[in-house]
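Heads up: the structure comes next, in structure tokens.
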Amino acid sequence: MKISESTEFKIDLKTVIGIIMLTTTLVGMYYKLQEDIAEAKTLPPVEVTRLEYQLKEEWNEEMIMQLKGKVETLEETTDILREEIKITSTMIKDGTEADGKLEELNRQLEELQNRKPDTRVIVKEVKVDKKGRKL
């Protein structure tokens, strides 16, 4: 196929109208996109980010409190086990019983093992409009 000055190129009316409509559609989409971008630049930042930050902070605080409770439980358990070891070693050395102290420590230890951590879920409902702005 050679293209020269004498080459004929035939396009019917439907194809010309289709090309014009496609070009018009693309140009219209481009200008609409530019208008949306300009509008987005003038709008204030979306309030959802503040809400997300607040929810994340509440979750972090909740997790810290749960970990604090677990650490306190472990510290109490460690103290009871130390006391139990001291009493047991005294009993072995003396050959005597320490007035039921060992049973009391075992009861406290079982109580700590059965204690469940305090968990709370905080849910806050916030009404927003279609663009995500707080009402």
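The values are calculated or read from the model by the stated rules, or taken from the named source; none is laboratory data. Keep in mind the model is a prediction, meaning the values are calculated, not measured. Don't worry about glycine lacking a Cβ; one is built from the backbone with ideal geometry, like all the others, and counts go over all protein chains shown. In case anyone asks, the SASA skips ligands and DNA or RNA and just uses the protein heavy atoms, side chains included. Shrake-Rupley method; radii C 1.70, N 1.55, O 1.52, S 1.80 Å.
Within the stretch 51-72, the set of residues being open to solvent by less than 80 Å² (accessible area, probe 1.4 Å), within 15 Å of Arg115 (Cβ to Cβ) and not small (Gly, Ala, Ser) comprises Gln66, Val71. Considering only residues of the stretch 64-91 that are of a type in the set (A, V, I, L, M, F, W, C) and at pLDDT 80 or above, which is nearest to Arg107 (Cα to Cα)? Checked the stretch 64-91; the qualifying residue nearest to Arg107 (Cα to Cα) is Ile80.
Residues in the stretch 1-34 that are open to solvent by 100 Å² or more (accessible area, probe 1.4 Å), part of a helix (DSSP H, G or I) and modelled with pLDDT under 95: Leu13, Lys14.
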